[in-house]
Amino acid sequence: MKKILFIDRDGTIVNEAKAPDYVLDTFEELEFYPEVFRYLGKIVRKLNYEIIMVTNQDGLGTKALPTEVFWNIHNKIMKAFENEGIVFSKVFIDDSYPEDKKDTRKPGIGMVTEYVNNPNYDLKNSFMIGDRLTDMEFAKNLGAKGIFINNDEALGATEINSKREELDKYISLQTTSWKEIYKFLKQV
């Protein structure tokens, strides 16, 4: 059975866009997460994980995030990883807003139902790597484990603190370092 690394995009493989809108909508804002190429590359080459991107992109296709702007930047991100030998087997993008309450938006698992109850995949030994508690809740909902890139305590603090307590048992690693993620995954 194949293990999967479900990986968030913004705040995880590229740095989170800045306030006020937190939307990555210019090439000037595009900055890759420190050491992501080196250590995600090592994970891909040396460890037995399929890698899948799962990202919420609020309002994709609206005036706030025009489709053409999004795809120009997203394709540049994907090409940069491809150039380093890092190819995501699938990319899932949800364009809804939290208030839409769609199951396809993380922490819902509607985007990845093809992996649920699929005997070819080992979800209990798979991980969701992300920078939000909703990513850790996604791991819980999927029956996987979480690797929490906790870059911004304030950002995490804005989410419900009681959720954090509930989710702690699903977080296998909390870090800000892709090197630490690689070392951890090498040992599990």
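Assorted remarks:
- Residue in region 41-50 that is in a loop (DSSP other than H, G, I, E, B) and surrounded by fewer than 19 Cβ atoms within 10 Å (Cβ to Cβ) present: yes
- Residue check, residue 104 free of Cβ contacts under 8 Å to residues at least 24 places away in the same chain and within 17 Å of residue 130 (Cα to Cα): yes
- The residue that is surrounded by the most Cβ atoms within 10 Å (Cβ to Cβ), counting only those in region 122-152 that are part of a helix (DSSP H, G or I) and among the polar types (S, T, N, Q), is 134.
- Subset of region 1-20 [touching a residue at least 40 places away in the same chain (Cβ under 8 Å), open to solvent by less than 20 Å² (accessible area, probe 1.4 Å) and in a loop (DSSP other than H, G, I, E, B)]: 8, 9, 11, 12, 13
- Cβ-Cβ contacts under 7 Å between residues 6 or more apart (or on different chains), taken from a first residue in region 23-48 that is in contact (Cβ under 8 Å) with a residue 24 or more places away in the chain to a second residue that is basic (Lys, Arg) and open to solvent by less than 60 Å² (accessible area, probe 1.4 Å), are listed as 48/3.
- Residues of region 61-79 classified as in contact with a strand residue (DSSP E or B) (Cβ under 7 Å, 6 or more places away or on another chain), without any contact (Cβ under 8 Å) to a residue 60 or more places away in the chain and surrounded by 13 or more Cβ atoms within 10 Å (Cβ to Cβ), total: 1
- The set of residues from region 47-77 being of a type in the set (D, E, K, R) and at pLDDT below 95 comprises 58, 63.
- The set of residues in region 87-115 being under 22 Å from residue 47 (Cα atoms), part of a loop (DSSP other than H, G, I, E, B) and open to solvent by less than 50 Å² (accessible area, probe 1.4 Å) consists of 88 alone.
- Filtered residue count, region 120-142, keeping only those that are without any contact (Cβ under 8 Å) to a residue 60 or more places away in the chain and either more than 22 Å from residue 98 (Cα to Cα) or among the acidic types (Asp, Glu) (or both): 2
- With respect to the conditions (1) surrounded by 14 or more Cβ atoms within 10 Å (Cβ to Cβ); (2) over 15 Å from the mean Cα position of the chain (by Cα); (3) modelled with pLDDT under 95; (4) of a type in the set (D, E, K, R), residue 35 falls short on a single one, namely (3).
- Meets criteria (of a type in the set (A, V, I, L, M, F, W, C) and more than 19 Å from residue 176 (Cβ to Cβ)) for residue 13: no
The values are calculated or read from the model by the stated rules, or taken from the named source; none is laboratory data. As the structure is a prediction and not an experimental result, all values here were calculated from the model. Heads up, the Cβs are rebuilt from the backbone with ideal geometry, glycines too, and the neighbour counts pull from every protein chain shown. Heads up: the accessible areas ignore ligands, DNA and RNA and are worked out on the full protein's heavy atoms, side chains in. Shrake-Rupley method; radii C 1.70, N 1.55, O 1.52, S 1.80 Å.
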